[in-house]
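Have a look at the structure below before the remarks.
The values are calculated or read from the model by the stated rules, or taken from the named source; none is laboratory data. Please read these numbers as outputs of a predicted model, since none were measured by experiment. Glycine gets a Cβ as well: all are built from the backbone with ideal geometry, and neighbour counts include every protein chain shown.
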Amino acid sequence: MYDETVFSETASAGPPIWLIVLVVVAAVIVLIALMVFIIWIKKRLTRPEMYGMSREAVQKKWDQINETSKMNGQMGLKLALVEADTLLDAALKSIMMPGETLGERLKVACYKYPKLRDVWWAHKLRNQLVHQHDFQLSNHQTRQALNEFEKALKTLNVL
């Protein structure tokens with residue numbers, strides 16, 4: 001009744017349609033996943049946009065702070081600590097971190113950059129230095145604080 005050669009020729013003509021659809025759907029899913037991954041990586045590696053200040057200006061100011069810390073002994077270290085705190089505040093402002101004070105900006109920034117929590121003690125140390133006239137500060141404490149400010153600026157990707 002039926003010609004068996006017709007069935008055998010159509011069956012061996014290629015892969016079944018469901019297999020082709022499955023491969024196409026899998027390829028589309030892989031491409032979408034790849035695009036999402038690329039976007040995620042780009043956001044992780046992209047530096048925040050800075051307004052009113054450039055990374056070069058931050059680097060130049062940081063170099064000046066380092067020079068200040070090496071000169072004039074204890075007074076140079078104290079001045080460097082105050083300037084580093086001011087630089088961090090300016091950097092947070094330039095990446096549009098909301099808040100009226102550095103403390104408020106740091107609170108907000110810690111949500112996006114959890115490593116910034118480490119700079120809090122350095123900021124508090126600076127506050128004690130500025131507001132308590134009899135506050136004693138060791139060279140070791142000051143250098144640790146300056147290291148924390150540097151790490152914070154690097155965490156923000158502005159240094």
Filter region 120-131 for residues that are surrounded by fewer than 14 Cβ atoms within 10 Å (Cβ to Cβ) and among the hydrophobic types (A, V, I, L, M, F, W, C) and give the result.
Trp121, Val130
Pairs with Cβ under 8 Å, 6+ apart, first in region 54-77 and farther than 18 Å from Asn157 by Cα and in the same structural domain as Leu146 (by TED's automatic domain parsing), second basic (Lys, Arg) and surrounded by fewer than 16 Cβ atoms within 10 Å (Cβ to Cβ)
Ser69/Arg143; Gly76/Lys70; Leu77/Arg143
Check whether at least one residue in region 103-110 is within 20 Å of Leu159 (Cβ to Cβ), at pLDDT below 90 and of a type outside the set (A, V, I, L, M), and report yes or no.
no
Within region 137-159, how many residues turn out to be crowded, with 16+ Cβ neighbours inside 10 Å and part of a helix (DSSP H, G or I)?
11
I need every pair where a residue in region 134-148 that is without any contact (Cβ under 8 Å) to a residue 12 or more places away in the chain has its Cβ under 6 Å from the Cβ of a residue that is exposed (fewer than 14 other Cβ atoms within 10 Å of the Cβ), sequence separation at least 6 or different chains.
Phe135/Gln128
Checklist (1) surrounded by 15 or more Cβ atoms within 10 Å (Cβ to Cβ); (2) acidic (Asp, Glu); (3) over 22 Å from the mean Cα position of the chain (by Cα) applied to Asp134, failing item
(1)
Can you name every residue in region 28-72 that is modelled with pLDDT under 90, under 23 Å from Tyr113 (Cβ atoms) and surrounded by 13 or more Cβ atoms within 10 Å (Cβ to Cβ)?
Pro48, Met50, Met53, Arg55
Taking region 73-107 only, how many residues are among the charged types (D, E, K, R), within 18 Å of the chain's Cα centre (by Cα) and crowded, with 20+ Cβ neighbours inside 10 Å?
1
